[in-house]
Each structure stands twice: as C-alpha cells, then as structure tokens.
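Encoded as structure tokens, the structure appears first; notes follow it.
Computed from the coordinates by the stated procedures, all read-outs in this text should not be read as laboratory data. Predicted model only: the values in this text are computed from it and were never measured. Methodologically, a virtual Cβ is constructed for each residue, glycine included, from the backbone with ideal geometry; neighbour enumeration extends over all protein chains shown.
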Amino acid sequence: MILNTLKMGNFRVYRGDHEIDLRPEGPSGAKPIILFGGLNGAGKTSILTAVRLTLYGRRILGAKVPSEEYHRYLSDCIHKPAGSERIPNSAYVRLNFSDSRGGRQHEYDVVRSWFRDTSGAVTENLQITRDDEVLSHLSHDQAQSFLNDLIPLGIADLFFFDGEKIAELAESKGNAALADAIQRLLGLDLVNRLRADLGVYIRNHSKGRLPEAIRREAEALEADYERCYSRYQHELEGKEALEDQLHNLRADIAQLEQKIEAHGGAWYENQAAERERMERQLADQEAIRGRIRSLKGSLYPLALAPTALDGLLAQLDAESNYRKQRVTHQAAKRQAKALRKELESALQGQEALLEGAIEKAFGKSLKPPKRVEMVHDLSDSEIEQLRHQITVEAPKQKQEVDELEKRLEGLRHEISECAANLERAPDEQRIKPLYEKLHEAQLKQGRLNSRIEEQRENAKRELRSAMDCIRKLRKLEAEHQHQSDNVHAIGMAKTVREMLTGYSNRAKASKISELENHFSESFKRLSRKDHEELTPKIDPNTFGVELAYSDGKVLEREQLSAGEKQIYATAMLEALGKASGLRLPVIIDTPLGRLDSKHRSNIVDNYFTNASHQVVLLSTDTEIELEKTPQNFKDSVSKLYALTFNSLNGGTSVQRGYF
C-alpha cells in the first residue's frame with residue numbers, strides 16, 4: 001500500500017484547503033521517508049488523525065462511541081480561525097492511496113466530509129472511489145465496513161501510531177498493552193468479544209422451550225451452521241497443509257539457490273550481459289583500430305619527424321624569399337633603366353650625378369639577390385597549405401592517435417576481464433537444470449501462496465457464514481423469547497464458544513512463533529551490540545515477554561533502562577507490523593520525544609530507513625535535527641515539509657522544506 005496524497009479542508013489547525021504529496025521517490029523504495037517538521041501545536045498530530053479519521057471514522061474514538069459524541073468530535077475538528085473571522089461550518093479529509101489485492105493494483109480515493117447546521121447538528125458523508133469509479137451502491141455503513149475490511153483498524157494501529165503508543169508498550173507494568181496489540185493483530189479482540197456475547201446469550205436464554213415451527217427453523221439454522229463450520233474446518237486444515245508444503249518448498253528453494261551459488265551461478269547469470277558487453281567492446285576496438293589506421297595513412301606521420309620538417313619549412317621559406325627578392329630586383333632594374341633613359345637628355349654631361357641619384361633611389365634592389373637553389377619550387381599558397389598541415393593538422397592527428405591508443409589499451413584490459421568472466425561461467429549443461437528446477441519451484445511457491453490466500457479467504461468466509469447463522473438464531477430467539485427456551489441456540493452458542501477457543505489457541509501459537517522471530521531480529525538490530533545475544537520468548541497465555549541470554553539467564557524488562565525500553569517497544573511494534581503480513585506505510589508522530597541521544601541515534605540509524613517502503617515521520621525540531629542525522633538517513637528522505645502555525649489567523653501552512 002502506498003499513500004499518494006492527503007487533502008484537508010478546514011480541518012483542525014489547517015485553515016482552508018491543503019494538499020500534501022506523500023509518495024516516496026527513488027528506485028525500488030530507496031527513499032521511503034517523508035519528513036514533517038513542526039513545533040508543538042503546529043499540526044503534526046492532525047496529519048496522523050486525518051489519515052485515521054478518513055479510514056475509520058467513529059472507530060478512532062473507540063468501539064462503542066455514541067453518535068452524539070462522535071458528532072461533537074467532528075464539530076470540534078472544524079477549523080476555528082483567530083479573531084473575528086467567520087467560523088466555517090464544514091470540513092473534510094481526503095486520502096488517495098494505492099493498494100494491491102489478489103494480484104491487482106487498485107487506486108482508492110476516500111473522502112470523509114461533514115457539515116454543521118445552524119442548530120449545531122452534524123451530518124457526515126463518506127465517499128469511496130476505486131479506480132475512478134465511485135462506489136455509489138454502498139450505503140454509509142457499508143462503505144465504512146468496506147474500509148474496515150480493506151485495512152482493519154487493529155492492524156493499522158501497528159503502523160499508524162505516535163510516541164504515546166511506544167511509551168504505552170515500554171512503560172506498561174504488566175502485559176496488557178502487548179496482549180491487546182497481539183489480539184488486534186490476530187483479530188482475537190473480536191473473537192473474545194463474540195465469546196463474551198455468547199456467554200451473555202447463554203445465561204440470558206437458558207430456560208423455556210421453542211414451539212415446533214420455531215424449532216424447525218432453528219434446526220435449519222443449526223444445520224447451516226454445521227455445514228459452514230465443517231467447511232471452515234476443511235478450509236483451515238487445507239490452508240495449514242498448504243503452509244506445510246510452502247515451508248518445505250522454501251527449504252528446497254534455499255537449497256537450490258545454495259547449489260547454484262556453489263556452481264558459479266552468479267557468473268552464469270551474468271554470462272549473457274558479459275557476452276554482450278564483450279561484443280560491444282570488440283566492436284569499439286575494431287572501430288578504434290580503423291580510425292588509427294586512417295590517421296596513420298593521413299598526416300599523422302608528419303608529426304613523427306619534427307626536426308626534418310623544421311628544415312623543410314626553412315628551405316621553403318628561403319625559396320619563397322629568393323623568389324620574391326628576384327622579382328623585386330628585376331622590377332627595380334626595369335624602372336632604373338626607364339628612368340635613366342628619361343633623364344639622360346636633360347642631364348647630359350652629368351652622368352655621374354644621374355647614376356648616383358638612381359643608386360640612391362633604388363638602393364640594394366639593383367643588386368642581384370644571393371642565389372638559393374630551388375629544390376621544391378612551390379607557390380606561396382602551396383607552402384602555406386603545407387605549413388598548416390605540418391604545424392596544425394599533423395599534431396592534432398598525433399594527439400588523437402595517442403588518445404585512441406590509450407582507449408585501445410583500456411579496451412584490451414576490459415576484453416580480457418570479460419573473457420576471464422566468461423571462462424568462470426559454469427557449463428550450461430551442468431547448471432541449466434538447476435535453474436530450471438529453481439524456476440519451477442518459484443512458480444510453485446507463487447501458486448501455493450495464492451492457494452493459501454484463497455483458502456484463508458474461504459475459511460474467513462465460512463466462519464463469517466457460521467457466525468451469521470448464530471446471529472440469525474439469536475435474532476429468532478429474541479423474537480420468540482416469550483415462548484421458547486432456545487435449547488438449540490444455546491447448544492449452538494456453546495459449540496461456537498468452544499470452536500472460538502480452539503481457533504484462538506491455534507492462531508496465537510502460529511503467530512507468536514513468527515512474532516518472536518521478528519522481534520528478535522528487530523531488537524538486536526535496534527539495540528546494536530548492547531543485547532545482541534538475547535532471545536525473546538512470548539507466553540501464549542499471558543503474552544509476557546521473557547528475554548533470555550544464551551546461558552539461560554533471564555533479563556527482566558524492569559532491568560532495562562528507559563531508553564532500552566523505548567527500543568524494546570519500537571522493536572515490538574515493528575515485529576507486530578511484520579507479523580501482520582501486510583505491506584502498509586508507517587506513520588509515526590513524535591517518534592523520538594522520550595529517547596536519550598544514544599538510543600535516538602540507534603532509531604534514526606537502524607529503524608526509520610528500514611521500517612517500511614513508505615515512512616511518514618512527524619517530528620519536532622528537537623527530535624530529528626536533519627543536519628545531524630547520518631548520511632544514510634538523509635539519502636532515504638524523499639520529501640521534507642515544514643508545518644508553520646500563524647498566530648494571526650490561527651492556521652497552519654504546509655511548505656516544502658524543513659526547520
């Protein structure tokens with residue numbers, strides 16, 4: 001089960017409409033924690049109350065609370081704003097959650113709303129939507145029964161609780177609190193109530209005789225009861241036989257898994273992935289080799305002879321300069337010749353002056369350049385292109401080749417690893433039969449679980465039918481009590497009481513053994529090394545818990561410190577939740593208020609992150625200081641909410657973040 005969203009409208013301190021996203025994030029439940037922070041009075045408890053009220057209505061106040069008292073409670077839950085602002089006359093709580101039953105996932109949306117008229121009378125409405133379909137065919141009582149069957153209150157109390165619940169278990173002098181929790185877990189509180197009612201019935205109807213017509217009707221009901229009870233026993237015995245099969249099958253599966261592991265199953269399971277990885281690496285290797293070949297056939301070799309290439313560039317520069325100087329010399333000669341020709345007639349007899357002026361004007365340009373041998377005779381554009389290839393492109397290709405060769409070396413190492421892993425994989429002909437047996441056993445396990453659940457539901461149905469026969473018989477007797485002594489009904493009531501006693505004993509024995517195992521694991525984990533050698537034993541009659549060391553010495557609960565008692569109670573609640581067999585979210589209000597720093601750290605480190613697939617924590621600023629929590633706790637937090645009370649308007653706001 002996953003709580004998706006909680007909506008509240010004018011509910012207690014929550015003024016107006018509020019919607020809170022409770023869905024955990026992260027893959028496979030990696031971040032299960034939704035953390036609320038708020039000072040005392042900011043509305044933490046109201047969130048827990050809203051969830052419980054949405055689901056259970058009147059029953060959160062007790063089993064037999066009168067309607068008038070419940071309606072007063074609802075009226076008190078309507079928000080009361082500060083100052084002179086008008087008081088609302090209605091409120092609602094709305095819970096959206098997802099749940100899997102019978103292999104199918106359903107989304108439920110439950111809205112509980114109420115209205116207070118001018119006379120103060122309260123009218124309540126309950127609406128349930130399943131997979132976007134309103135269950136309009138259900139009356140109010142039927143809708144409540146539907147929710148009670150979906151998540152029994154006795155079970156929910158083990159998952160939705162506050163610090164007082166922990167304190168109740170921790171400080172209880174006797175075993176009453178634990179006995180009540182176990183009886184709720186098993187549904188024995190209802191069984192005991194029915195047994196008590198039957199006792200009253202027997203005492204009140206022990207005289208008189210039924211008339212013939214009524215006796216025949218009573219006998220028919222008795223026969224129906226016998227048939228239902230016989231079928232109930234048959235289903236119960238069948239379930240127990242299947243559970244024995246399941247126990248043996250689980251042992252077989254564990255043995256197969258050990259064999260597979262011993263034969264290198266882990267390598268076999270990764271074989272396909274390793275082969276695929278190796279194929280990718282070989283393809284990458286070939287692509288890199290092809291690229292290297294291409295680069296080495298291009299300009300890459302030029303980067304291998306830098307000295308020779310420096311000489312080549314110097315020669316090319318010299319040839320280019322010589323060619324330019326020769327062109328300049330030829331042009332200067334032509335210009336000097338033309339100038340001389342122009343000035344000779346005007347400067348006759350002054351030839352020396354003329355030659356001096358020409359020499360001065362053209363200078364060295366008239367002198368032929370020093371000859372350079374034209375080895376390559378390339379144009380300037382060809383020289384620049386070659387220079388770019390030598391100084392830019394060739395070094396770039398060399399760098400790429402160097403990087404590719406490094407990658408190639410890494411690939412060679414990875415390919416070698418893959419090859420070694422593939423060699424470690426066992427022969428398929430030897431290990432495949434083991435996997436086939438394991439797969440077949442796991443399928444059988446799934447079928448057995450389904451059949452056990454089916455038989456459990458059948459047994460519950462037949463038991464309800466048997467109880468229905470008793471109720472009808474009681475009704476019949478009530479209608480004719482003035483003329484009958486209810487002999488048959490009294491006999492039936494006695495039989496049912498005996499049957500309920502047997503059922504109670506069998507259920508207790510089975511669940512208490514499971515509970516002991518869960519409690520042992522939880523207590524050792526939460527107390528860490530303090531009491532890891534302790535083994536719990538629960539008395540099925542008194543529900544007393546005995547903690548014994550390996551040498552037989554018993555540690556009395558009174559010998560535990562206050563912090564250890566809190567650890568004890570938390571471990572017991574966790575164990576009770578696991579023993580219920582349901583995957584429900586955990587909601588804890590003020591979870592650490594009574595713990596010292598040492599045991600508080602144990603709970604934060606080892607409980608909250610593992611308590612469930614969804615954990616809603618409602619904390620004060622002194623309980624969980626986020627910056628001081630360990631990293632594994634921080635990594636497990638999906639969402640942070642801060643609850644801030646505004647004294648001016650008398651309402652609490654919900655914002656993302658923390659203190």
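Tell me the Kirkwood radius of region 382-425: reciprocal of the mean inverse pair distance over distinct alpha-carbon atoms, in Å.
Numbers: mean 1/r = 0.0774 Å⁻¹.
Every distinct Cα pair counted, the radius reaches 12.9 Å.
With the crude spin-label approximation of a point 7 Å out along Cα→Cβ, what separation in nm comes out for Ser139 versus Ala509?
A separation of 4.2 nm, rounded to one decimal place.
So between Lys444 and Thr307, what do we pick up on full extension, going 0.36 nm a residue minus the alpha carbon distance?
Answer, rounded to one decimal: 41.6 nm.
Subtract the Cα-Cα distance of Glu417 and Lys634 from 0.36 nm times their separation in residues, and report this length gain in nm to one decimal. Write down the numbers at each step before the final one.
On the way: separation 217, 0.36 × 217 = 78.12 nm, distance 3.61 nm.
Extra length from Glu417 to Lys634 when fully extended: 74.5 nm.
Could you tell me which of Ala419, Leu339, Ala318 has its Cα farthest along the dipole of region 273-424 towards the positive end, charges placed at Cβ (Lys, Arg +1; Asp, Glu -1), taken about the Cα centre?
Leu339
Just grab the label-to-label distance for Leu648 and Arg451, each label 7 Å out from Cα along the Cβ direction, in nm (one decimal).
6.9
Can you compute the FRET efficiency between Ala352 and Ala318 using 1/(1 + (r/R0)^6), with r the Cβ-Cβ distance and R0 = 41 Å? Round to the nearest 0.05.
In this case the efficiency is close to 0.65.
Could you tell me which of the pairs Lys80/Lys639; Lys437/Lys578; Lys44/Lys578; Lys7/Lys508 are separated by over 32 angstrom between their Cα atoms in the structure shown?
Working: Lys80/Lys639 29 Å; Lys437/Lys578 30 Å; Lys44/Lys578 25 Å; Lys7/Lys508 39 Å.
Beyond 32 Å between Cα atoms: Lys7/Lys508.
Give, in nm to one decimal, the length gained when the segment between Ser561 and Ala338 is fully stretched (0.36 nm per residue of separation minus the Cα-Cα distance). Before the final figure, lay out the partial values.
Values: separation 223, 0.36 × 223 = 80.28 nm, distance 12.11 nm.
So the chain would gain 68.2 nm between Ser561 and Ala338.
Can you sort His599, His71 from fewest to most other Cβ atoms within 10 Å of each residue's own Cβ?
Placing the least packed residue first, the sequence is His71, His599.
Near Asp141, within a Cβ-to-Cβ distance under 13 Å, what is the net charge of the other residues, with Lys and Arg +1 and Asp and Glu -1?
0
For labels at Asn4 and Gln385 in the simple 7 Å Cα→Cβ model, what's the distance in nm?
Result: 6.9 nm between the two label points.
Beyond 21 Å, how much of the Cα-Cα pair distribution for region 555-633 remains, as a whole percent?
Tail fraction, whole percent: 28.
Using the structure shown, list the pairs from Lys370/Lys396; Lys432/Lys524; Lys31/Lys524 with a Cα-Cα distance above 30 Å, or answer none.
Violating the 30 Å Cα-Cα cut-off are Lys370/Lys396; Lys432/Lys524.
Percent of Cα-Cα pairs more than 19 Å apart in region 24-132, please. All intermediate terms of the calculation are to be shown ahead of the outcome.
Values: 3498 of 5886 pairs.
The answer is 59 percent, as a whole percent.
Along each of its three principal axes, how wide is the spread of alpha-carbon positions in region 273-424, in whole angstrom units, largest first?
Cα extents, longest axis first: 109, 22, 20 Å.
I'd like the trypsin sites (Lys or Arg not before Pro) in region 532-574 restricted to DSSP loop residues with at most 11 other Cβ atoms within 10 Å, sorted by number.
Lys553
Pop the C-beta distance of Ala272 and Val65 into the FRET formula with R0 = 56 Å and round what comes out to the nearest 0.05.
The value I calculate is 0.35.
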